[in-house]
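To keep things clear, I will list the structure first and then write my remarks on it.
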Amino acid sequence: PFEVLIVGGGPAGVASAIYTARKGFRTGIAAERFGGQLNDTLGIENLPGTAYTEGPKLASELDGQVKAHAEIDMMNLAAAEKLVPAEKAGGMHELHLANGAVLKARSLILATGARWRELGVPGEQEYRNKGVAYCPHCDGPLFKGKRVAVIGGGNSGVEAAIDLANIVGHVTLIEYDSQLRADQVLQDKLRRMSNVDIITSARTTEVTGDGGKVSGLSYEDRESGEVRELPMEGVFIQIGLVPNTEWLAESGIALSQHGEIEVDGHGATNLPGIFAAGDCTIVPYKQIVVAMGAGSKAALSAFDYLIRNETA
Ligand code: FAD
C-alpha cells in the first residue's frame, strides 16, 4: 500500500508527488495520460521562471523529475474508475482502476484535471493550436492586432471577449441563444468596447481555414436560417470546462454543481485523508502555475494528516 496515492499525472499531480516524495513518503501516481493537458499545449509563456516552453517539453521534464525520486511509483495509462474511502481516519482508501487493479493508500490526492468542452464542428480539431484556442490567458497575446471570434456568451465567454478586446484588433462574440447569459456588469462592460461585435441566435457551423491556419468561421442565423461567413484569424471556444470527476459520483466526495471537487484552503475534501488539487477542483483560474501551487499545498496537507493520524 501507498502512504500517498495521487490520481492524475498533470501539473497538479506531479507537484504533489515531488513534495510527498521529498517527505520520504511512499508515493504512487496513477494517471490515465501522464502530462495531462500539457500534451495538448503548444507555447507556454506564463510560467514564472521559464520564459518560453512547450507543453510536451514541460511534461517530459516533469517525467524526469518524477523518475529521479525512488519513492515514487509512476503508473501511466492507469485510469481510476471508482474510489472507496476508508471507513475511519487513518484507514485505507481503495482506488479501483479500469484494468481491474485495486490500489490502497492511507491518503489520496485527486488531481484528475479537466477538459475543455468542444464545439464539435468541422475544422475545430484540424485547426486546434492553428487559430482554434480555448484559453485566452494563454493564447490571447498570439493574436495581437488580429480579428478573433469568441464562441459562447456565458461568463467565461464574455470575460474572454473583454480580455481579448484589449489585446487583439477586433472581437466578435457569438452566442447560440437569443441573449447573452453572462452577468449584467460584464455584458455592460463588453457593450461599451468599441472593437467588439455581438451576434446572438447564431449556431456556429464550421471553422474554416487555408489548410495551415484558421481563416474564418461560418454560422447559421437561427432566426432566418441563413448561413453567414466571417473572416477571422482566431476562434476562442468558451463553452465550458468540464472537470474529470464523473468517476467520483458515488464516492461520497462532495462536488459542486459543476462537478468540481469541493476543497478548503488546505486542499482538503470533505473526507478525512483525501485531498484534491488543480483543474478538477473549485479553484478559480485554471492555470499551470495555479495547479502546481495547489498540488504542493495538497501534498503538505496530506503530510500533516499522515503524521497526525496513526494507521487504523
Ligand atoms: P490536467 O493537466 O488536466 O491533468 C490531469 C491528469 O489526470 C492527467 O494525467 C489525466 O490523464 C489524469 N486523469 C484524468 N482522469 C483520470 C482518471 N479517471 N484516472 C486516472 N487519471 C486521470 N495553462 C497555463 O498556465 N499556461 C498556458 O499557456 C496554458 N495553455 C493551455 C493550452 C491548452 C490547449 C489547454 C488545453 C490548457 C492550457 N493551459 C495553460 C491550462 C493548463 O494546461 C491546466 O490548467 C493544467 O494542465 C491543469 O493541471 P492539472 O494537473 O490540474 O490537470
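Please treat every number below as a calculation from the coordinates, not as lab data. Bear in mind that the values here come from a model prediction, so they are computed numbers and not experimental data. Here the Cβ positions follow ideal geometry from the backbone for every residue, glycine too, while neighbour counts run over all protein chains shown.
Quick notes on this one:
- Qualifying residues in the range 1-39 (those that are among the β-branched types (V, I, T) and assigned to a helix (DSSP H, G or I)) - the one nearest to S301 (Cα to Cα): T20
- Qualifying positions in the range 156-180 - surrounded by 14 or more Cβ atoms within 10 Å (Cβ to Cβ) and assigned to a loop (DSSP other than H, G, I, E, B): I167, G169, E175, Y176, L180
- Residue match in the range 25-35 (condition: more than 25 Å from V132 (Cβ to Cβ), of a type in the set (S, T, Y) and touching a helix residue (DSSP H, G or I) at 6+ places or on another chain (Cβ under 7 Å)): yes
- Candidates G216, G252, G240, G225 - the one that is surrounded by fewer than 22 Cβ atoms within 10 Å (Cβ to Cβ) and touching an Asp or Glu at 6+ places or on another chain (Cβ under 8 Å): G216
- Look at the range 173-184: where a residue is within 22 Å of S224 (Cβ to Cβ) and a partner is aromatic (F, W, Y) and surrounded by 16 or more Cβ atoms within 10 Å (Cβ to Cβ), sitting 6+ places away or on another chain with Cβ atoms under 9 Å, you get I174/Y219.
- Residue list for the range 45-65, restricted to those being farther than 11 Å from G35 by Cβ and of a type outside the set (F, W, Y): E45, N46, L47, P48, G49, T50, A51, T53, E54, G64, Q65
Here is a yes/no grid of residues against (1) touching a residue at least 60 places away in the same chain (Cβ under 8 Å); (2) acidic (D, E); (3) within 9 Å of the ligand (Cβ to nearest atom):
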{"site": "V7", "(1), (2), (3)": "yes, no, yes"}
{"site": "G24", "(1), (2), (3)": "no, no, no"}
{"site": "T27", "(1), (2), (3)": "no, no, no"}
{"site": "E61", "(1), (2), (3)": "no, yes, no"}
{"site": "A68", "(1), (2), (3)": "no, no, no"}
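- Selection from the range 15-47 of residues that are among the hydrophobic types (A, V, I, L, M, F, W, C) and either farther than 25 Å from V84 by Cβ or over 18 Å from the mean Cα position of the chain (by Cα) (or both): A15, A17, I18, A21, F25, I29, L38, L42, I44, L47
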